[in-house]
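*Asks:* Pasting in a structure now, in structure tokens, and then I'll have a few things to ask.
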Amino acid sequence: MGELSCDVLVAGGGLVGATAALALARTGLSVALVDRDEPSIIRGRLGFDPRTVALNPASVELLTELDVWPAFAPCAFQSVYVCEERGTRHIEFHAAEVERRELGWIVEVSASVGVLWAALKRQDNLTVVIGNIEDMTAAAAAVRVQAGDTQLTARLLIAADGANSSIRAKLGVDASRFQTHQAAIATVVETQRPHCGTAWQCFMRDGPLALLPLPVRDGRNFCSVVWSQSETTAAQLMALDDANFALRLEQASDARLGTISAVDRRFCFPLEQLVAGSFLPAPRVLLIGDAARVLHPLAGQGVNLGFEDLSEVLRVARRVGPADLGDPQLWQGFARRRRLRAELMVRAMDAFAMVYRISDPGLNWLRNVAVDLLNGAPPLKRQLIREALGFGVFAPPR
């Protein structure tokens with residue numbers, strides 16, 4: 001059995017966890033990253049990972065500082081178009097409205113994680129440990145973790161191990177759960193017409209449908225699909241063959257991108273929002289990313305909030321320097337602020353989804369009037385864009 005001591009132990013090697021380990025190591029701290037498996041790159045029949053995420057400019061700034069961003073092979077989008085199945089109005093957001101070239105970028109999850117892991121392995125003061133976390137003790141002086149056949153001791157443990165966090169479970173952390181009674185289907189499709197750098201979202205009767213830009217390859221047009229609906233409807237759509245699924249998708253999107261000529265493998269996952277009872281649940285233990293909160297994908301902000309967590313952690317690490325980074329006194333404000341931000345976001349997503357589920361004709365008319373007013377109010381639109389970009393009044397100070 002091996003033993004390892006470090007300043008910071010990061011549990012979870014996904015997008016947020018791997019970035020956290022790399023960024024903290026770049027500050028000069030000794031870091032260990034623990035994950036159950038080394039990641040592999042997933043490619044579907046159309047050449048893309050069907051699992052994609054949207055990254056905002058604030059997140060990309062961090063990845064650029066770490067010199068990993070160009071290798072992510074991102075697809076930029078310059079506008080967002082939002083409409084609804086039962087409405088007569090829509091709203092558009094454009095990068096030019098806030099004097100930017102892009103509103104965000106779509107990246108493939110597994111390929112991006114692969115880029116980060118390649119950088120991790122090149123980092124001298126960072127050790128990667130493969131194994132399940134079988135036991136842990138969080139005490140006033142240090143955190144001790146048993147991962148596989150390695151005993152690790154750290155001054156700070158950062159849990160970034162996802163929505164089903166083993167650290168959160170081992171510590172018995174309560175979580176407020178917001179049931180959506182929905183499931184989401186994710187896939188990649190080839191379309192007749194190009195997306196022209198626009199992320200398109202329509203609020204259907206059952207839930208939102210999003211068509212997100214992917215790179216053009218060999219003259220062929222592709223989009224990532226995230227289609228949320230009731231669990232019953234999701235099961236019915238998953239049971240369709242590719243041709244009939246493509247037809248249903250064309251109908252639901254009003255053939256916005258023309259004929260859908262190919263559909264990749266489909267993934268279906270339940271949608272649940274949650275907020276951990278504490279982001280500092282034990283001495284020397286922080287929760288960040290999906291281990292701390294899980295959002296509905298309709299706003300595309302889940303991973304970006306994880307990067308916001310990390311940005312705050314890095315500010316503290318740079319300020320404290322070589323002192324004890326695990327001192328709980330350093331993190332009480334962080335835990336309070338980040339949990340409040342999570343509560344606000346989760347409740348906002350819940351309210352937003354509920355508003356679009358309303359079928360009353362009078363209320364539908366009021367919603368359309370409100371959308372029309374918002375679309376014609378440039379100052380308010382600019383502020384909403386800044387919030388989505390990660391530079392608004394609710395974002396952490398930079």
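*Asks:* Would you point out which residue out of LEU286, LEU305, LEU340, LEU280 is crowded, with 22+ Cβ neighbours inside 10 Å and either at pLDDT below 95 or part of a loop (DSSP other than H, G, I, E, B) (or both)? Full working, then the answer.
*Replies:* On the way: LEU286 fails: either at pLDDT below 95 or part of a loop (DSSP other than H, G, I, E, B) (or both); LEU340 fails: crowded, with 22+ Cβ neighbours inside 10 Å; LEU280 fails: crowded, with 22+ Cβ neighbours inside 10 Å.
From the options LEU286, LEU305, LEU340, LEU280, the qualifying one is LEU305.
*Asks:* If SER40 satisfies all but one of (1) outside any loop (DSSP other than H, G, I, E, B); (2) more than 18 Å from SER311 (Cα to Cα); (3) not charged (D, E, K, R), what's the number of the condition it fails?
*Replies:* So the condition that SER40 fails would be (1).
*Asks:* Would you mind stating whether GLU65 is in contact with a Cys (Cβ under 7 Å, 6 or more places away or on another chain) and either in contact (Cβ under 8 Å) with a residue 60 or more places away in the chain or at negative phi (or both)? Spell out the reasoning first.
*Replies:* Details: in contact with a Cys (Cβ under 7 Å, 6 or more places away or on another chain): no; either in contact (Cβ under 8 Å) with a residue 60 or more places away in the chain or at negative phi (or both): yes.
No; evaluated as a whole, the condition is false for this residue.
*Asks:* Here is a follow-up. Filter the range 78-98 down to the residues that are under 27 Å from LEU314 (Cβ atoms) and out of contact with any helix residue (DSSP H, G or I) (no Cβ under 6 Å at 6 or more places or on another chain) and list them by number.
*Replies:* Let us first name the residues in the range 78-98 that are under 27 Å from LEU314 (Cβ atoms), namely 95, 98.
Answer for the range 78-98, where residues must be under 27 Å from LEU314 (Cβ atoms) and out of contact with any helix residue (DSSP H, G or I) (no Cβ under 6 Å at 6 or more places or on another chain): just ALA95.
*Asks:* While we're looking at this one, here's another question. Which one is nearest to ARG266 (Cα to Cα), of the residues in the range 212-229 that are of a type in the set (A, V, I, L, M) and free of Cβ contacts under 8 Å to residues at least 60 places away in the same chain? First the steps, then the outcome.
*Replies:* Kept after step one, since they are of a type in the set (A, V, I, L, M), are these residues of the range 212-229: 212, 214, 216, 225-226.
Cutting the leftovers down to free of Cβ contacts under 8 Å to residues at least 60 places away in the same chain gives us 216, 225.
On the way: VAL216: 20, VAL225: 9 Å.
The selected residue is VAL225.
*Asks:* Then there's this: So which strands (runs of 3 or more DSSP E) are wholly in the range 52-154 and hold at least 2 residues that are touching a strand residue (DSSP E or B) at 6+ places or on another chain (Cβ under 7 Å) and loosely packed, with under 15 Cβ neighbours inside 10 Å? Let's see the steps before the verdict.
*Replies:* Working: elements: 52-55, 75-77, 79-84, 91-94, 104-108, 126-130, 133-138, 143-147.
Those strands (runs of 3 or more DSSP E) span 133-138.
*Asks:* Could you check the range 249-261 and list, in sequence order, the residues that are farther than 17 Å from CYS83 by Cβ and surrounded by 15 or more Cβ atoms within 10 Å (Cβ to Cβ)?
*Replies:* Listed by number, the list holds a single entry, ILE260.
*Asks:* While we're here: Only one of these is under 30 Å from GLU85 (Cβ atoms) and either at pLDDT 95 or above or touching a Lys or Arg at 6+ places or on another chain (Cβ under 8 Å) (or both): LEU214, LEU209, LEU157. Name it. Can you show your working first?
*Replies:* Working: LEU209 fails: either at pLDDT 95 or above or touching a Lys or Arg at 6+ places or on another chain (Cβ under 8 Å) (or both); LEU157 fails: under 30 Å from GLU85 (Cβ atoms).
Of the residues listed, the single one that is under 30 Å from GLU85 (Cβ atoms) and either at pLDDT 95 or above or touching a Lys or Arg at 6+ places or on another chain (Cβ under 8 Å) (or both) is LEU214.
The values are calculated or read from the model by the stated rules, or taken from the named source; none is laboratory data. Computed from a predicted structure; not experimentally measured. We place every Cβ from the backbone using ideal geometry, glycine too, and count neighbours over all the protein chains shown.
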